[in-house]
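Worksheet: one structure, shown below.
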């Protein structure tokens, strides 16, 4: 496949690029500062782009088979439109270029909390929403953009993503948050994103992941 990876210089994006190349895919690595992409490979094309600029995004989708979006602002408290507006720009360009598949990172905190365990339901998620609510609010707007599109999207509901070595295994569920699913390593998150992108049975679904 030819995969576009927005957010290529982020904690997860770099692992997605390396693993996608190892699987034999072609990769367009998109970042606001492409100089930070130091990896060189014949199947890797760095691209400097701000996904909030629709005119800059559009050419990147030509010839692409799937988008694996790893954009994010970390734990910023500042209101943002990066997830929602950026994803809308990607979806619009996908529509114009006939690209159907997109996988994005979201959070358990952005999902309806009904299926969470008591500790997360009454303590963890309310605290996250209180201090980082702007990020999760924009992820919810991203969900709406995906639902309104005709794309075959999959939203990965991630727990805390840890910048540590891979455990080389992870769990998934399309039903609810995973028991004891407190975190996932960045390399395992990248593996999950690519595994999901390569599947054709998870379109227009949310997938929970954790180590």
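The values are calculated or read from the model by the stated rules, or taken from the named source; none is laboratory data. Keep in mind the model is a prediction, meaning the values are calculated, not measured. Cβ placement follows ideal geometry from the backbone for every residue including glycine, while neighbour counts extend to all protein chains displayed.
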Notebook entry, point to check: Restricting the first residue to segment 194-207 and requiring it to be under 21 Å from residue 13 (Cα atoms), which pairs with a second residue that is at pLDDT below 95 and outside any loop (DSSP other than H, G, I, E, B) meet a Cβ separation below 6 Å and a spacing of at least six or different chains?
Noted result: 206/157
Checklist line | Residues of segment 10-38 classified as crowded, with 16+ Cβ neighbours inside 10 Å and over 15 Å from residue 189 (Cα atoms), total | finding: 10
Item checked: Exclusive hit being at pLDDT 90 or above and either crowded, with 20+ Cβ neighbours inside 10 Å or within 21 Å of residue 184 (Cβ to Cβ) (or both), set 51, 123 -> 51
Note to self: Can you report the number of residues in segment 14-35 which are touching a helix residue (DSSP H, G or I) at 6+ places or on another chain (Cβ under 9 Å), more than 18 Å from residue 84 (Cα to Cα) and not in a loop (DSSP other than H, G, I, E, B)?
What the structure shows: 11
Checklist line | segment 144-190, subset surrounded by fewer than 20 Cβ atoms within 10 Å (Cβ to Cβ) and part of a helix (DSSP H, G or I), residue modelled with the lowest pLDDT | finding: 144
